[in-house]
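What follows is a single structure, written as structure tokens, with notes after it.
The values are calculated or read from the model by the stated rules, or taken from the named source; none is laboratory data. Just so you know, these numbers come straight off a predicted model, no measurement behind them. Reconstructed Cβ throughout: ideal geometry from the backbone, glycine too, with neighbour counts over all protein chains shown. We work out accessible area using only protein heavy atoms, side chains counted, and drop any ligands, DNA or RNA first. Shrake-Rupley method; radii C 1.70, N 1.55, O 1.52, S 1.80 Å.
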Amino acid sequence: MNALAGRQTSRGICIYCGARPGTDPAYEEAASALGTALAQSGHTLVYGGGEVGMMGALANAALAAGGHVVGVIPQTMVEREWAHSGLSELIVVDTMHERKAAMAKRAQCYVALPGGLGTLEELSESLSWAQLGFHAQPLFLLNMRGYFNPLLSFINHSIDQGFAAAADRDLLHTVDDINALWTHPLFPTPTQT
């Protein structure tokens, strides 16, 4: 069902974020600001294809700024009318596993914004793939207002308890705001995507 099967796919910035807006309006504002910045710089946005919450704010802002937005979503979510209908490209897949694989195929790097269990699951898989050497794309946490501090504490705890190597800590690049993300030396320039 991949709409791009057989075609060369451009690589973009893969964003993981919530399908809900969260309780703090600053989260959704950050998603909108990131969507605008990605579009204005010429980066392609790759995300989960949803229309609501932070996902919707991210995509709508990128589209409003003239950006190219690729959404990847399972058929069951389309049937529930969760898909964004105005994207540059909407790739419909059969399963969540196919969704993550399609997003990874198009990712120059990964950025996790605040989100719930789905965001955590996507980030965890990308992190474990990096740990295993399955990809070398940078992974960023937009840790605004300390949202990901409990996750960072867990990672440190797993290292302290011998379940992860100290070097694994370096697989995640933590930034506090979009400007820090944008200026991070590992964040791709538009000519790299």
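From the list 22, 86, 48, the lone residue that is open to solvent by less than 20 Å² (accessible area, probe 1.4 Å) and not aliphatic (A, V, I, L, M) is 48. Restricting 158, 153 to those that are open to solvent by 40 Å² or more (accessible area, probe 1.4 Å) and assigned to a helix (DSSP H, G or I) reduces the list to 153.
Among the residues of region 162-189, those identified as among the aliphatic types (A, V, I, L, M) and surrounded by 13 or more Cβ atoms within 10 Å (Cβ to Cβ) are 164, 171, 172, 175, 178, 180, 181. Against the condition β-branched (Val, Ile, Thr) and surrounded by fewer than 19 Cβ atoms within 10 Å (Cβ to Cβ), how does residue 36 come out, does it pass? In short, no. Does residue 138 fit the bill of being over 24 Å from residue 75 (Cα atoms) and open to solvent by 50 Å² or more (accessible area, probe 1.4 Å)? No; evaluated as a whole, the condition is false for this residue. Taking the numbered list (1) of a type in the set (A, V, I, L, M, F, W, C); (2) at pLDDT below 95; (3) open to solvent by less than 10 Å² (accessible area, probe 1.4 Å) in turn, residue 91 passes all entries but (2).
Applying the selection to region 161-170, what residues are in a helix (DSSP H, G or I) and under 19 Å from residue 134 (Cβ atoms)?
167, 168, 169, 170
Those residues that are touching a Phe, Trp or Tyr at 6+ places or on another chain (Cβ under 8 Å) and assigned to a helix (DSSP H, G or I), I need them from region 90-117; list them, please. 103, 104 - these are the residues of region 90-117 that are touching a Phe, Trp or Tyr at 6+ places or on another chain (Cβ under 8 Å) and assigned to a helix (DSSP H, G or I).
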